[in-house]
Each structure stands twice: as C-alpha cells, then as structure tokens.
Amino acid sequence: MRFTRAAVVATAAALTLGLTACGGDKTESGGTGTAKSFAAGSTMEKLNKAQAIKVGTKFDQPGFGLKGLSGKPEGFDVEVAKIIVKELGIPTDKIEFVETTSKIREDAIVNNNVDFIVATYTINDKRKERIAFAGPYYEAGQNILVKADDATITGPDAFKAGDKKVCSVTGSTPAENIKTYVKDVATQLVLFDTYDKCISALDGGQVNAVTTDNVILLGYVAKNEGKYKLAGDNFTKEPYGIGVKIDDKDFRSFINDTLEKAYKDGSWKKAWDDTAGKFGAELGSAPAVNRY
Amino acid sequence: MSVWVDKFDVFAGGFWLTLQICVLAAIGALVLGAVVAVLRISPVPPLRALGTAYVTIFRNMPLTVVMFFSAFALPALGSNADFLRIPGLELVFTRLGTDLPYFRFALIALTLYTAAFVCEALRAGINAVSPGQAEAARSLGLTFTQNLRYVVLPQSWKASIVPLGSVIIAMIKNSALIGFFGVVGDLSQSADQLTSAEGYAFIPVAIGISIGYLIMTVPLGALLDRIERRQAVAAR
C-alpha cells in the first residue's frame, strides 16, 4: 500500500508540473480585470467579482465559432462574446468556452452550464419559452446552394413541383423552413449531421441543392471557386441572438446596451471583418436590438 | 411532458419508419446470414473461406463505418441501390421506391452488418447438434444439402433461436444510426428534430423515443423467453 500511495503522489506531482508547463506559455493576455460597479445582486456583479465566465458557442461553424488547431474557438460569435465579457470587466483570457451544439443550447442555459450563449442562435418564439434572447447582433437569411451550371433552381419554390431534392442539417431551423416548400418530405428532403455530407451528396447527384443560412453556404462557395453558386436571394430572416436565462432581465439589457455601444464604436464591424466577413458575406447595417 | 401529446404524430411516424427498416433488414439479414452460415460449414474450402472472410469483415467493422461506405461509397461507384426497388414491396414500404436512395443505403448497411451476427448465431446452433447426428445421416447416404435440410438445421434451430433474437434486438437498436446517414423521420432523427429545431427539452423527447424502441424490443424479448421455456421443457 505504501508503494501505491507513493505512486499516487508522484503522479499528482507530475500532473501539477504538466499543468504548470501548459499554463506557462500564454502569449495573449486579454487585459487586466477591473472591478466595475454593477447593481448589487445582479449577474454582472456576480461575474465581475468571480472574474470567470463560461460562454457557450459552436466549435464547428466556420466564420462564427470554429475550434481549429490553435485550440481556441475563433469566429464572429467568439468576438461578440469577447466584446460583452470585456464590458463586464473580465479579461478575455478568463473566458471558458463551452461547446454548445444546436441540440443542447437551451438545456445548457437552463441547467447553468454556461452564463450566456453566442452560437448562431436564431431567435424564435419556441425557444423564448425556455430562455431569453438579447440582440439580435446579426441577421442571416436562408439561401440555397446549387452547382454553378444549374439554372433550374432559382429559389425555394423550385421544390414545390416535387422532383428536386434538397439537403440540410438535421435539427436545424433551415431544415424546418424548407419543409414548408417541398411537396413531399419523404422523397425530397435529406438530412445529415454535417454540411460536408450534404455537399458530398450534391457532388454525387443524390440531391440537387443544399439549403441553410447564407453565411454558411458562402463559406462553401468561397472554398470551391466556380463550383457552386447561391440560387437567388435569401428567403427567410434569421436574427442571431444571445441566449441568457429567461428571468435575467438585467443581464439581458446589459448585453443589449453593450451591443449598441459596439455598433457605434466600430468594434462590432471589426469583429465581422476579421472573421465571417472574409467569406464575402455582407454585414449589412446593424440590426436594432429587441428589448422585449 | 406535453411534447408527447403535441407531437404524437412525429413519434408515431418515427416509430413506423423505424419498424419498416427493421422488418426489412431483419428479413434480409436472416436470409443472407443463413447463406453465409451454409458457406462457412460447406465442405468446399473456397466457399468456406468466402464465408469466413465475410464474417471477419462485417463483424469486426463498426456499423457507422459500414453505413459510411454504403451511403457515400455506393454513390461514388455510380449506384443508387435501385435493385431494391422491388415492385409490390415498395407499395407497403414506400421509402424503398423513392428517388432518394438513403433509405435503401441504410437498409443495405444494416443487413450486411447484422447478417454476420446472424451467421454466427446459426453456426453456434449447428455446432450444438451432436456430430453423431450428421455422421449418422452421412452414413445413411444423405447428401450435404439433405443432411442440413432434414437432420442438422431442424435441430440447430432450437439452439439458435434465442441468440438470433438477441441479434435482431441489437439490430433494432442499431437502426438508431440511420438518421445520421440521410434517412429523414425515423425515431432517433425525429428526436433530433424535436430537440434542436423545435426547442423541446431533451429528456421528455428521449423518454418518448425510448418508449418507441421498447415497444419493438420488449415483445420480441418476451417471445424469446417463452420459446426458451418451451425448449427447456422439450429438452427434458
């Protein structure tokens, strides 16, 4: 037994050393924490005192939240989150990013796994039953990706005849939207868990089009020059909001104030230009925040 | 829990589609598995090698990978699995005949994968028949086919039926993967749709689809228990 205990101590020591080594090579510092004064008992005060925050975002969405080789998620959503966290007086390197896929976003907020979520999160009424949204901070829209030489599909109405097949991602809002345009879901709609599989089905000819938010499709158009194109204009409006707890009105107004400030001082536009803007997507004018 | 009432049609539709693919894949796997089992015990070495190779490949490969090959390699080879558009059958199992091939791809993958396990369950049953039976049949002048048909298989069936049932139950649960390979509207994919697109809480939805799977698997398990009890009596 004594030997075992020694082994445990040695392992613990090795782990501590390893952790120290990992922590040592920090290059980017997000500024220092500042004690700001917020209303007593508010979420902002609590977070500022703790000097730590958990933010939910996507890890697989190019341009918005993509965790690459750097090990940190990068994208527009991440930059927006940083703007808010800075305003809370917390250095951005204190943010712990948590992956919140579409499926678990509401549950992550309700169960206190994260403090807020910025994850291409479309504001809708069904979701508002369980959580609340600040923002919107961006307005995307659904569009259709087709092969560059395809002239038969010019908009969602092309699916009404029943002979064109379309692919989207399972459980996404665009997948639900397109259901209202197709004649028969069983024969026309394919859903995969990632967009890459949809693109491969498009290449293989199993489907004629891929549909989702324009910014995501533009990423594929940009990556494969001349191979694909967007068919027509956006046919829905997808306002992206920031998810917070349903009863935390103060925190929501604080985020809304921060967004409005970021619209004015240009940090919102800069965040876009550094990330999703590189795909050639239009930022448009700043969407008015909705204080409901 | 209101999701069970509000979205009953989604659950029911998912149940129906999962049931369809399970019935078809079970039939396919039982037939193919029997053929492979015969290959594996055949007296001709090349056929035996073929059977063994089949089982080695499909029993040792993850089902997800088989699904990948089926859904993405078949199209690359220029096949949309149109041979499965069997006239008559597609009237009952409507998804078989659609222009979208993913139901057929998923069916192929489930069948190929499960057949390897069916083969082994059957072979275990055959091995349980005492060798004296087959030797006696051979000494009476029965051919290999007659030997199997009249002496070995009728006896082995009794020993195989329970493991076969477990294989089919496993297959029903494995069918939850098809929703990730382009099949829209089966039980597990419906859960995905309800939770992420429509924002229902995850746990009630998960309980709902679990009930769907249980409706298929529990009666099957009960049936197997009954058969097992009857066999125990017969064996005495």
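Taken together, the values in this text are just the output of simple stated rules run on the coordinates, not laboratory data. Keep in mind the model is a prediction, meaning the values are calculated, not measured. Neighbour counts are summed over all protein chains in view; Cβ atoms, including those assigned to glycine, are modelled from backbone coordinates with ideal geometry.
Observations
- Taking Lys and Arg as +1 and Asp and Glu as -1, the other residues whose beta-carbon sits under 14 Å from that of A:ALA40 total +1.
- Dmax and Rg, reported as Rg then Dmax, of the range A:142-230 (C-alpha, Å): 11.5, 32
- Averaging over all projection directions, the Cα-based convex hull of chain B occupies 15.8 nm² in the image plane.
- Interchain or long-range residues, amide H under 5 Å from A:ALA140's placed H: A:GLU238, A:TYR240
- Per-residue mean of foreign Cβ neighbours for A:166-173 is 5 (Cβ atoms of other chains, 10 Å radius).
- Those aspartates and glutamates that a straight Cα-Cα span of less than 19 Å connects to A:LYS227, excepting residues fewer than 8 apart in one chain: A:ASP149, A:ASP150, A:ASP196, A:ASP203, A:ASP213
- Peptide B:189-196 is shielded by partner chain Cβ atoms: per residue, an average of 6 of them sit within 10 Å of its Cβ.
- Neighbourhood net charge (15 Å Cβ-Cβ; Lys/Arg +1, Asp/Glu -1) for A:LYS227: -2
- Gyration tensor analysis over the Cα atoms of the protein assembly as shown returns equivalent ellipsoid semi-axes of 52, 30, 22 Å (largest first, whole Å).
- Listed residue pairs exceeding 25 Å between alpha carbons, taken from A:LYS126/A:LYS179; A:LYS126/A:LYS237; A:LYS58/A:LYS86; A:LYS54/B:LYS7; A:LYS36/A:LYS58; A:LYS67/A:LYS270: A:LYS54/B:LYS7; A:LYS36/A:LYS58
- A dipole drawn for chain B from +1 and -1 charges on Cβ atoms has a positive end, and of B:VAL5, B:VAL184, B:VAL151 the residue lying farthest that way is B:VAL151.
- The range B:135-236 - Rg and Dmax from Cα coordinates, angstrom: 21.2, 69
- Cβ-placed point charges (K, R +1; D, E -1), dipole of the protein assembly as shown about Cα centre in debye, nearest 20: 1780
- Converting phi to 3J(HN,Hα) with the Karplus coefficients 6.51, -1.76 and 1.60 and the offset θ = phi - 60°, the range A:212-218 yields 5, 5, 3, 5, 6, 5, 4 Hz in sequence order, with x at every glycine or proline.
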